[in-house]
Each structure stands twice: as C-alpha cells, then as structure tokens.
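Novice: Structure below; questions to follow.
The values are calculated or read from the model by the stated rules, or taken from the named source; none is laboratory data. Keep in mind that what you see is a predicted model, and the values were worked out from it rather than measured. For neighbour counting, all protein chains shown are included, and Cβ atoms are generated from backbone atoms with ideal geometry for every residue, glycine included. Each accessible area value is taken on the protein alone, full model and side chains, heavy atoms only, with ligands, DNA and RNA left out. Shrake-Rupley method; radii C 1.70, N 1.55, O 1.52, S 1.80 Å.
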Amino acid sequence: MPHTLPETELHNPQSTKPPLDPHLKALENEAIHIFREVAAEFERPVMLYSIGKDSSVLLHLARKAFYPGRIPFPLLHIDTGWKFREMIAFRDEMVARYDLDLVAHTNPRGAAENVTPFTHGSALYTDIMKTEALRQALDAGQYDAAFGGARRDEEASRAKERIYSFRTPDHRWDPRNQRPELWNVYNGMIRKGESVRAFPLSNWTEVDIWRYIQAEEIPIVPLYFAEKRPVVERDGMLILAEDPRLELLPGEVKREEVIRFRTLGCFPLTGAIRSEADTLDDIIAELETATVSERQGRAIDRDQAGSMEKKKREGYF
Amino acid sequence: MTAPAAANAALDQTVVSLPVQETARVVRDTRPLRLITCGSVDDGKSTLIGRLLWDTKAVKEDQAASLQRDSSGKQNDLGLPDFALLLDGLQAEREQGITIDVAYRYFATDKRSFIVADTPGHEQYTRNMATGASTADLAVLLVDARVGLLEQTRRHATIATLMGIRQFVLAVNKIDLTNYDRARFDQISHEFRELALSLGVRQVTAIPVSALKGENVVYDGRASMPWYDGPTLIGVLELATTRSAQTVGFRLPVQRVSRPGESFRGYQGTVAGGSVKPGDSVVILPSGMVANVTKIVTFDLVRNAAVAGDAITLVLDRQVDVSRGDVIASIDSQPMTGLAFDAQLVALQPEGIQPGKRYWLKSGSRRQRVQVQPVSQLELKSGKWNHADELPMNAIGKVHLAFDEQAIFDTYEQNRTTGAFILIDPDTNNTVAGGMITAKRAALGGIHTEESRVILSLPADLADQLMATELFASRREDVEVRRVTAGKAVNIIDAIDG
C-alpha cells in the first residue's frame, strides 16, 4: 500500500552533513531531473562552464545527477583571455580533482586581431570574444544541447526563458516563438543543426545559490571572499589591478582595498564591491540586506536598454 | 505607503506578515509555493505583482533606477516606479505595451519563497495561462472592485481548475476607488465563492486590496479598512499548501539507466508518486516484470527511503529489462496500462489539433505515437461542452487517445505527473497541446464508436449512486443511464448472462 514517511526518517544518521532544507532539496531535485532528461534525450550535450558560482553549483549538481557514473558530457569554457588569473587556476584544479572532460575555446580571430576590452569597447569585445567564440565552439563540437547556469531572476529578459530554450541552426533565440513548457515535461525534439540551451538553475535565486554552496560545501573561486586586493576605480567600477595588461589611465591610482566580487567575468569588465564578507555566512548576510542586484557590477548589461535580450537573440548565453 | 503604521498594527494579528527582516537568517522549512496570477492589465495585475516584489524587497535599487531611466520618469502617483515596466522584460513587449508570454518572478519572505507565473489576461492567450497553471499550487484571481466579476474571471477560474489548482485567492483590487465599500466587497466575494463552488473548488479566500497603495498585499490595510479582519495576500500565500503526490502509489518514470561498470546497474528518475524503501516489491511497466528494491542510491548517501519529488537511482535485486520510458511502480497500486485513454487538453498552436493526425505524446520520460480524436470543446463562457471534430488554438477539448503500444497513466486527478502529457507535432517538432488523462477507455470493440453511447439500465438506487460518483462525471457524454425497476433489471441481467 502507499505509505508516507516523515521527513526526518529520510536522513541517514551516518551522514555528517545535515539534510538540505525542503526548499533547496526541491530546487536540487528539479535540476537533477533536467540534467538527466537532457543527457538521455540528446546525442551530444555539453555543459557551459564559466567558473563562476553558478557554474560551480551546476557542476556539483551534474556530479550528483549521474553518480555513481561520470558526468556523461564535456564541459566547455569560453576563454576570452581576459578572465581573472584565479579563475583559470581554479578551473584547472576542478578538472583534475573531479576527472572532468574540459574543452577550452578562444576565438582565433579575436586573438589574431588582438581584440581587447580596452581597444574595442565592451560591446564589440563581448560580441567577438564571447558570443562569436561560443558559436564557433558549439559548431565545432556539433553539440545539440548546451547546459547553462542562467537564472530567471537575474535579468528581465531571462524571466520568460524556458528551461529548454530552443535555438535555430545559427544559434538565434526568438523570444516570440518559444515552445510552451508545461509541468516538467520537456520537448527535446529538434531537427539536425538546431539545438537547445538547457537551464537547470532557472528557478534558483542568488540567495539560493549561496545557501546551496554553503550547505553542500561546494568549492568556489576565492575572489568571492573579501580580501585586501589592488584595485583601480574606472567608470564608477572597482577594477582588479593585478594583470600587467591593465594600463592605468591619466589620473588613475592603484590602491589596496578590502573587496570581493559578486559575479565573475572578464576582469576589465567586472566591478568589485567594497565588502568585509570573508565567509559564506557573511556573504549570505550581506546578500540579504543588499539593495542592488548582482548584475550591477557588469558593464555589458548597461550598454543600452534591452541589452541582454539583444545579446541573447544573437546567440550570447 | 502606509507601511510603518501598518507594520506595527500587524503585530497583534494572528497572520503577521512583514517583509524580509534585515537580520533574520533564512531557513526555509517549506518548498517554494508556486502560484499563478490571473487578470487583465486593467485589473492592476502588473501593479499587484510589482507591489509584491517591491514590498518584499525583491527589487533592487539598480533595477529600480534602470526602470526610471527606461520609462523616462513615468511613475505612478505615489512616486513609485511604473511596476509594469519591471515585469515586461522583453523589448518587443515594451514596444507593444502588452505581455505576450509567461514570465516567472521570484520573491521571498522570512517564512517562505514564492515563484509567480505571470500570465497575460487576454482571451487568445489561454495557452499561456494553461502553461503557467500547470505547475501552480494556487491561483490568485484579480478583479477590479468597481467592475466585479467578468466573463474572463470565470474563464480563468475554469482553466485553473482544469489544470488541477484547488486553492483560489480572489484579490478584489482598487478597493480604495470604491471608498473601501464593504458591501461591494462582500457581494463580489460571495459571487466568486459560488463560481468557485460550481467548479468544485472550496478553498477560497477573498481579500480587499489596493495594490497601488500597498494595502492588504504585504502590509495590512487596517487603517483604511477596519472592517476587514482577514489575512493579507502574503499571509494567505505563506500558509497555502503545496501539492504533493506522496500519498498515492509509488511511481518512478525511468529517465536513464546508469551502468558505470559491470557491477552496478541503477535506474535514474524522479519519484512521481508515493514513496519507496529497500525491500519493496515493484513492477516494471509495460513489461509487467516484478522485482524487489535493494538500494536507493544518491550522491550523498544510500538512503533508507525516497518520496515523491526525490531524484534518485534505484537498484533492483535481479536482472530485468528496464529502459528509458518504462515506469517502475508499487506492485499493489499500479497505474493504468492500455491502448486507449480519455483526456482533456488545451490546444496551444495556430494549427490546432486535427482529428486522426498522429502526434508524439510525451508523458514523464515516455514518448510514443498517438492518434487524437477530438470529442467536444469547452465553451468557457457557459461551461458547456459542445460537440467538436477538431480543436482550434486555445480550445479546451475532450479527446480520445489511441496508441500503437501500451501507454501508462494515472488520472490527472490522482497524480499531476503521471496523468499529464504534451503532444508534439512530428512535422514541426513544436509542442501543440498540454493534456490531462481523465480515464482509461475500456477496449470494448464496437461500443465506443463516435456516435453511439453505452446504455446502462440499472435499478434506480444504483443508477443514482453511479451518477453521483466523480468518475462518472467525466464520462457523462459516453453513457446513458436508464433507471429501471429492480425486477426489470434482473430480467435484463438474466438475458445477458444467458
């Protein structure tokens, strides 16, 4: 006969970690379900790995979803060449520790033409080194599904994003023509050349990500924790000044400040925040009282109204 | 904003709702509540959702600033940003000034977190509402206090009910514009209760609200409406129940088979009903083979039980043939298997649903060919089912499903996962319908032709009993019940028994 069990009986007393609260458990279950469904339905899935906190959670969930097996698809890192040094070190450590298949791709055209955020401006730079590079890598791998860590709460144009987000053969996203998505029944049927972006973290919020990182003891890049670091103030953003390629402009001074990052991207385009939060507890506490959104530190969102939507239509993740 | 005064006043109330406390550590001891909001722009729906986000501090300063930049200073008369802009995320919509799709919003109080499916109120967008309602635990229906219930209110309530929602909140908005008219509120909520009851929904809370002024949304509106002593909207949402398929039979739709090495073979999927523990006997459908559960494997630990909603890997005690699309179920409470089922569905695409066309049907992880025969279409205005041979976009219809291979379902009423499906057009690969199983069709060859009905001649008391059952309600157009005397019934049965 059907029977129900109280929640407490489900916890193995031999485990040292306390069980996840029902909220995080529900989000985790949903994400694992999506991972398994995509892995089963598509021929060549890949997981976009950006090394940030959301990617770290995504990686952890993928390991959980396929346990005791290996993750049955490679990780793809679009390396613009302008990531924080600590991000690349962290990436390589994760690949070694968890025995991951990593594909790292840099746009050869961008590298040859020496496209940099300083010389080409953030919009063109992002278009070439991220969007175009991503399209190249997806085409080269003939991937028919790509996991991403995007969340619907991140940005207005993401709020209507599906969990399976359909893309045309040239990787375009048509917000007017998305497939309806009912229950947790996902439509993975595509023609040759078409693909799907799958977002297991769609229903997670920034606080959920941090609480999950804490509960599951997930390793993240140390830049998320406050520390005294060299910075320079530019266009209202605090830029990390450790890379020799960053040339100081007239009037700019490099100084040491206690800072941390809420999001990680390319260092010249990612602003730090002044913060003393050097533990997960502090970060979560800071977040709960935060009055600005995490994308506030991202230069690319501020180019123009509807900026993210435009990038997405063109194939940006 | 009446916030500070209202917050103090709220302290002595039973349902206290304050926005996120600055110092409180968040502990979520409930699952997120998923809700859908139904109403038109005119009812102030965007303002209501904007207000919920604003008063729970889900809107950050930079977002608000970019709002003010985008809207060239357009503000409401309380100096707050234009909430509709906060919600209309896509440029195409901003240009047209309408909401064209389902958007999901997130906010939280110190007690619970919420996922809102925000769907447009236009008639032609039934599909969006059905999409949003498919995962919702509760529906908030919005009416303008000056206008009262509209035809669309009935329409929204009907769709929500059809999609399995059994908790309604009626937000009687713009109550400030009626001068907080209690009689008006009472009248609207009474009418709505009758409407909900006619749809079989008993859990109804009506709340007088001013979304613009923030009264009875997150903060209470006692200062303006001393006559109302019920909960605020957020108070109701914090206490609402989430749906659970824990009390029905165990179901595990198999997503994939995990074989990392020779020694391990596990079946991965999300428990879609009931619970399971090592030692349980299970049946694998459609093959009908039987096995026992030896282990429930997860990344963290070997668990001693799993319940509906858990993503698990199941290990069985013997070599059985199990593949993706199979369902592992409790042996003493099995789902229905068969080649013919009855269902209700919502047509989602301009092509509609064409009779006799072979579609792909996906339910859980199972995908198979199906032929769809429309039977009738719901007239949302009156609630009547009219005969139909095909279903245009946005139609809600009853259909017969005919499969080539065994299909496995529960009724949607019993299980919102194993009773739900989508139809995929093989020509376009698009999702063309969302459907809900109502019953298995008996394979009585000849009796179930499209025009004829089964005639049951029963003693009057038995006939009345049968007609009062819920199961029968969904089959009413298939069966004609004739009341006869007990003596005559005996004669009929004798004749059949030969």
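Novice: Given a 1.4 Å probe and every protein chain left where it sits, what share in percent of the accessible area of the range B:278-426 is carbon and sulfur? Present the calculation step by step, with values, prior to reporting the outcome.
Specialist: Numbers: 2550 of 5430 Å².
With neighbouring chains kept in place, the figure for the range B:278-426 is 47 percent.
Novice: Filter the trypsin sites (Lys or Arg not before Pro) in the range B:337-393 down to the DSSP loop ones having no more than 11 other Cβ atoms within 10 Å, then list what survives. Don't jump to the answer; show the numbers that get you there.
Specialist: Values: sites: B:Lys357, B:Arg358, B:Lys362, B:Arg366, B:Arg367, B:Arg369, B:Lys381, B:Lys384; in loops: B:Lys357, B:Lys381.
Of the trypsin sites (Lys or Arg not before Pro), the ones in loops of the range B:337-393 whose Cβ has at most 11 other Cβ atoms within 10 Å are B:Lys381.
Novice: Moving on to the next point. Do any trypsin sites (Lys or Arg not before Pro) in the range A:198-281 lie in a loop, going by DSSP, with at most 12 other beta-carbon atoms within 10 Å of their beta carbon, and if so which?
Specialist: Loop-located and lightly packed - A:Arg245.
Novice: What is the spin-label model distance, in nm, from A:Arg70 to A:Leu249 if the labels are put 7 Å beyond Cα along the C-beta direction?
Specialist: Each label point lies 7 Å from its Cα, and together they span 4.7 nm.
Novice: What does the C-alpha gyration tensor say about the overall shape of the range B:251-330? Classify as rounded when a/c is under 1.5, otherwise prolate if a/b is larger than b/c, or oblate. Before the final figure, lay out the partial values.
Specialist: Numbers: a/c = 1.31, a/b = 1.05, b/c = 1.25.
Since a/c stays below 1.5, the shape of the range B:251-330 is classed as rounded.
Novice: With every protein chain left in place and a probe of 1.4 Å, what is the accessible surface of A:Thr168, to the nearest 10 Å²?
Specialist: 50 Å²
Novice: State, to one decimal in nm, how far the label point of B:Val302 lies from the label point of B:Gln187, with both points 7 Å from Cα in the Cβ direction.
Specialist: 6.9 nm
Novice: I'd like to know which of B:Ile422, B:Val370, B:Ala407 lies farthest towards the positive end of the charge dipole of the range B:351-449, counting +1 on Cβ of Lys and Arg and -1 on Cβ of Asp and Glu.
Specialist: Ranked along the dipole, the leading option is B:Ala407.
Novice: Express the accessible area of chain A per residue in Å², computed with a 1.4 Å probe while the remaining protein chains stay in the model.
Specialist: Numbers: 12220 Å² over 317 residues.
For chain A, the solvent-accessible area averages 39 Å² per residue.
Novice: Rounded to the nearest 500, what is the 222 nm mean residue ellipticity of chain A from helices alone, with -39500 (n - 2.57) per DSSP H run of 4+ residues and division by all residues? Don't skip to the answer; put the middle values down first.
Specialist: Details: 9 runs with 99 residues, N = 317.
Helices in chain A give a 222 nm mean residue ellipticity of -9500 deg cm²/dmol.
Novice: Can you pick out the pairs among B:Lys174/B:Lys381; A:Lys64/A:Lys130; A:Lys130/A:Lys192 whose Cα atoms lie more than 27 Å from each other? Each step should come with its number before you reach the end.
Specialist: On the way: B:Lys174/B:Lys381 25 Å; A:Lys64/A:Lys130 29 Å; A:Lys130/A:Lys192 24 Å.
Pairs exceeding the cut-off: A:Lys64/A:Lys130.
Novice: List the residues of the range B:346-374 that lose 50 Å² or more of accessible area once all protein chains are present, compared with their chain alone (1.4 Å probe, heavy atoms only, no ligands or nucleic acids).
Specialist: B:Lys362
Novice: Which of the residues in the range B:284-300 lose at least 40 Å² of accessible area when you go from the chain alone to all protein chains together (probe 1.4 Å)?
Specialist: B:Phe299, B:Asp300
Novice: Do any of A:Lys17/B:Lys295; A:Lys83/A:Lys160; A:Lys25/B:Lys111 go past 22 Å between their Cα atoms, and which?
Specialist: With Cα atoms farther than 22 Å apart: A:Lys83/A:Lys160.
Novice: Which residues' amide hydrogens lie under 5 Å from the amide hydrogen of A:Leu238, considering only partners 5 or more residues apart or on another chain, with H built in the peptide plane?
Specialist: When sequence neighbours closer than 5 places are left aside, the close amide H contacts are A:Ala272.
Novice: Find the sum over both chains of the accessible area lost when B and A are paired, probe 1.4 Å, and report it in Å² to the nearest 100. Intermediate results must be reported in sequence, preceding the final value.
Specialist: Values: alone 23990 and 15890 Å², together 32680 Å².
Result for this pair: about 7200 Å² buried.
Novice: Treat each spin label as a single point 7 Å out from the Cα along the C-beta direction, and report the A:Asp174 to B:Val320 distance in nm.
Specialist: 4.5 nm
Novice: Mean Kyte-Doolittle hydropathy of 0.0 or higher plus an axial Cα length of 18 Å or more: which whole DSSP H helices in chain A meet both? All intermediate terms of the calculation are to be shown ahead of the outcome.
Specialist: On the way: long enough: A:22-41 (28 Å, -0.15); A:53-66 (20 Å, 0.10); A:85-98 (20 Å, -0.46).
Helices meeting the criterion: A:53-66.
Novice: Count, for each residue of B:434-441, the Cβ atoms from other chains sitting within 10 Å of its Cβ, then give me the mean as a whole number.
Specialist: Details: counts 5, 2, 2, 0, 0, 0, 0, 0.
Across B:434-441, the average partner-chain Cβ count within 10 Å equals 1.
Novice: Which trypsin sites (Lys or Arg not before Pro) does the range B:180-242 hold that lie in a coil by DSSP with at most 15 other beta carbons within 10 Å? Show your work: numbers first, answer last.
Specialist: Values: sites: B:Arg182, B:Arg184, B:Arg193, B:Arg202, B:Lys213, B:Arg222; in loops: B:Arg202, B:Lys213, B:Arg222.
Filter output for the range B:180-242: B:Arg202.
Novice: Taking all protein chains as present, what is the carbon and sulfur share of the accessible area of chain A, in % to the nearest whole number, probe 1.4 Å?
Specialist: Values: 6130 of 12220 Å².
C and S fraction of accessible area: 50 percent.
Novice: Hey, another quick one. Using a Gaussian network for chain A with springs between C-alpha atoms less than 10 Å apart, which of these wobbles most: A:Pro230, A:Pro108, A:Pro244?
Specialist: So, out of A:Pro230, A:Pro108, A:Pro244, the one fluctuating most is A:Pro244.
Novice: Could you go through the range B:338-348 in sequence order and give the Karplus-derived ³J(HN,Hα) for each residue, using 6.51 cos²θ - 1.76 cosθ + 1.60 with θ = phi - 60°, rounded to whole Hz, and x for Gly and Pro?
Specialist: x, 9, 9, 9, 9, 8, 10, 9, 10, 7, 10
Novice: Turning to a different aspect of this structure: Could you tell me what percent of the DSSP beta bridges with both partners in chain A are antiparallel, to the nearest 5? Working shown, then result.
Specialist: On the way: 18 of 30 bridges.
Rounded to the nearest five, the antiparallel share is 60 percent.
Novice: What FRET efficiency, computed as 1/(1 + (r/R0)^6) with R0 = 25 Å and r the Cβ-Cβ distance, is obtained for A:Ile218 and B:Ser263, rounded to the nearest 0.05? If you can, show how the numbers build up before the last one.
Specialist: Values: r = 29 Å, r/R0 = 1.15.
My answer for the efficiency is 0.30.
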